[in-house]
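The values are calculated or read from the model by the stated rules, or taken from the named source; none is laboratory data. A quick note: this is a predicted structure, and the numbers were derived from the prediction, not measured. Methodologically, a virtual Cβ is constructed for each residue, glycine included, from the backbone with ideal geometry; neighbour enumeration extends over all protein chains shown. Just so you know, the surface numbers come from the protein's heavy atoms only, side chains and all, with ligands and any DNA or RNA stripped out. Shrake-Rupley method; radii C 1.70, N 1.55, O 1.52, S 1.80 Å.
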Amino acid sequence: MHQLTCNGVLEGIRICRRGFPNRTVYLDFKHRFIIIKPKEVYAAGTDLKAAAKVILESIESVDDRWRLGHTKVFFRAGTVGMIEEVRDECIKAILNYIQGICRGYLGRKQYKIEQFKKSMVPVMQRNFKKYLFFRDWTWYFLLNATKRFIGQEDVEAVIAKLEEEAAVACSAYDKEVVERDRYNNDIDQMTQDKKDMMHQIEQEQGDLSSFQQDLAKATTDREQKEDELTSVQKKLA
């Protein structure tokens, strides 16, 4: 201890504890400790210094253990640990609140299930009592034996109905097939008529072209004869 005193170590520690050895920029401080006073910090907006001041003033155990600078917030020795403890308490409170909500939801759900079970107990008791009353009754056995046949349809009637519907469907199908064949025959006949008409038109077009050629030739011969007649008349004159 004497050596520490002579070397000035204890004095350095004392000076350090009386000063503000720990420091943090405002942005990092706000990002880490906003959970302590979220509403007030959001209300401060973009003013980081005001946000840090709101957080620190809300913690009574660190009064006069911090100072605000231009870009950083300064703390005395051990102050950051105290603020971390407050932050841990806030996180713990939030987790307890979430757990309470989840447990409340599960509890209410389980309560509804138990209430439903409770409401079904009288029904089960009533049915069991009825069974004990009717189990030795002969008509009860007869009812259970024939119960599965009550309300069933006659299989033979169902089959006959299906066969009737199938016959109607087959006759309708046959009718449609006949109509289809008739339409196909009409189409084939119209196609053949079309081919015959096209062939006849082609032949008539060929005869017309030969007639036009003969007409052109006759016109040329007439013109030549008229020219010869004119020349002969000129000679006779």
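Can you say whether residue 154 is at negative phi and of a type in the set (Asp, Glu), as far as the supplied structure shows?
In short, yes.
Name every residue in the stretch 69-82 that is in a helix (DSSP H, G or I), in contact with a Lys or Arg (Cβ under 9 Å, 6 or more places away or on another chain) and farther than 12 Å from residue 21 by Cα, in order of residue number.
Hit for the stretch 69-82 is 82, nothing else.
Can you name the condition, by its number, that residue 204 falls short on among (1) at pLDDT below 75; (2) exposed (fewer than 10 other Cβ atoms within 10 Å of the Cβ)?
(2)
Pick from 156, 163: which is charged (D, E, K, R), assigned to a helix (DSSP H, G or I), modelled with pLDDT under 85 and open to solvent by 70 Å² or more (accessible area, probe 1.4 Å)?
The match here is 156.
How many residues are open to solvent by 70 Å² or more (accessible area, probe 1.4 Å), in contact (Cβ under 8 Å) with a residue 24 or more places away in the chain and under 41 Å from the mean Cα position of the chain (by Cα) when one looks only at the stretch 56-110?
1
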